[in-house]
1. Can you pull out the residues in the range 127-149 that are farther than 14 Å from Arg176 by Cβ and not polar (S, T, N, Q)?
2. Can you tell me which residues in the range 131-145 are touching a strand residue (DSSP E or B) at 6+ places or on another chain (Cβ under 7 Å) and either at negative phi or not small (Gly, Ala, Ser) (or both)?
3. Pick out the one residue from Val174, Val191, Val152, Val156 that is buried (at least 19 other Cβ atoms within 10 Å of the Cβ) and within 26 Å of Gln77 (Cα to Cα).
4. Where in the range 115-177 are the strands (runs of 3 or more DSSP E), entirely inside, with at least 2 residues that are within 27 Å of Val85 (Cα to Cα), of a type outside the set (A, V, I, L, M, F, W, C) and touching a residue at least 12 places away in the same chain (Cβ under 8 Å)?
5. What residue, among those in the range 194-208 that are small (Gly, Ala, Ser) and crowded, with 19+ Cβ neighbours inside 10 Å, is farthest from Ala126 (Cα to Cα)?
6. Considering Val62, Val40, Val71, Val35, which residue is within 30 Å of Thr224 (Cα to Cα), at pLDDT 85 or above and in a helix (DSSP H, G or I)?
7. Residues Gly179, Gly184: which one is within 19 Å of the chain's Cα centre (by Cα), open to solvent by less than 30 Å² (accessible area, probe 1.4 Å) and under 15 Å from Val62 (Cα atoms)?
Amino acid sequence: TGVQTCALPICRLNMLALTFADLRYRARQFLIAVVGAGLVLAMGLLLAGLAGGFSAELSQTVRGTGADNWVLSNNAQGRIEATAVFPEADVAMLANTAGVIKAAPLVLVPQQVARVNGHQVTVVLAGVNPNELGSPVPSAGRTLTGSGQVVVDTTVRAPIGSDITLGNHALKVVGRTHGRTLFGGIPLVYVSVSDAQALALGGRPLVTAALLEGRPTRLPEGLTTYSPNQVEHHSLQSMASA
């Protein structure tokens, strides 16, 4: 027929040889395509990791309180960053409510400025009662025992025994936590409830949340109970655009 044929193994070798010859000829275009595809994949993974990090850090902080349920003001709409306050006396009322085993106050105030080693650092202020729900378990040093002390996340870079300044209050660093951040890496600094009230709420006996072990059968007016999952879900809505 005039058509030449070749054995299958030889044909495959010839095709491979032609393919590699073409790659050598188009090496520049091939390299650009590979690098471009790699950059697109890397950016996709980076953005996915960033979005996942928002959820992970919020989960670590919310569940790190040890609370079964959170009680927030109706005005907060389930968001812990809303800084919607209610009387601290309501926490004591909740502690004596059927279904509640323990209740502890929390003052959470985002976007506070601390001075650390002469530098300004944006932090989230968390006021807790020592050795109660919400009190941090440090990875180094010790936990809070009273007023005038602070436990900081490692990202603050304040060594144990040093002082940081919040407002006009100098606080002694007694412990350090790891992975306690919110809102894309802003570190939490833990102080006593009374110190947080003095620093951010004009000394008024107000709180932003009650942390509960158990679930109350009734609530003071203007408050709502949320599970940790619900708190995470609603709080993430504030970062939806990011």
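The values are calculated or read from the model by the stated rules, or taken from the named source; none is laboratory data. Just so we're clear, the structure is a prediction, and the values are computed from it rather than from any experiment. Neighbour counts are summed over all protein chains in view; Cβ atoms, including those assigned to glycine, are modelled from backbone coordinates with ideal geometry. To get the accessible areas, we keep the full protein, side chains included, count just its heavy atoms, and leave off ligands, DNA and RNA. Shrake-Rupley method; radii C 1.70, N 1.55, O 1.52, S 1.80 Å.
1. At the first step, the residues of the range 127-149 found to be farther than 14 Å from Arg176 by Cβ are 127-135, 145-148.
Answer for the range 127-149, where residues must be farther than 14 Å from Arg176 by Cβ and not polar (S, T, N, Q): Gly127, Val128, Pro130, Glu132, Leu133, Gly134, Gly146, Gly148.
2. Kept after step one, since they are touching a strand residue (DSSP E or B) at 6+ places or on another chain (Cβ under 7 Å), are these residues of the range 131-145: 132-136, 138-144.
Glu132, Leu133, Ser135, Pro136, Pro138, Ser139, Ala140, Arg142, Thr143, Leu144 - these are the residues of the range 131-145 that are touching a strand residue (DSSP E or B) at 6+ places or on another chain (Cβ under 7 Å) and either at negative phi or not small (Gly, Ala, Ser) (or both).
3. On the way: Val174 fails: within 26 Å of Gln77 (Cα to Cα); Val152 fails: within 26 Å of Gln77 (Cα to Cα); Val156 fails: within 26 Å of Gln77 (Cα to Cα).
Among Val174, Val191, Val152, Val156, only Val191 is buried (at least 19 other Cβ atoms within 10 Å of the Cβ) and within 26 Å of Gln77 (Cα to Cα).
4. Values: elements: 119-128, 149-153, 163-166, 169-177.
Here the list reads 119-128, 149-153, 169-177.
5. First, the residues of the range 194-208 that are small (Gly, Ala, Ser): 194, 196, 198, 200, 202-203.
Of the ones still in play, those that are also crowded, with 19+ Cβ neighbours inside 10 Å are 196, 198, 200.
Numbers: Ala196: 7, Ala198: 12, Ala200: 10 Å.
Among those residues, the one meeting the criterion is Ala198.
6. Details: Val40 fails: within 30 Å of Thr224 (Cα to Cα); Val71 fails: in a helix (DSSP H, G or I); Val35 fails: within 30 Å of Thr224 (Cα to Cα).
None of the other options fit; the residue is Val62.
7. Details: Gly184 fails: open to solvent by less than 30 Å² (accessible area, probe 1.4 Å).
The conditions single out Gly179.
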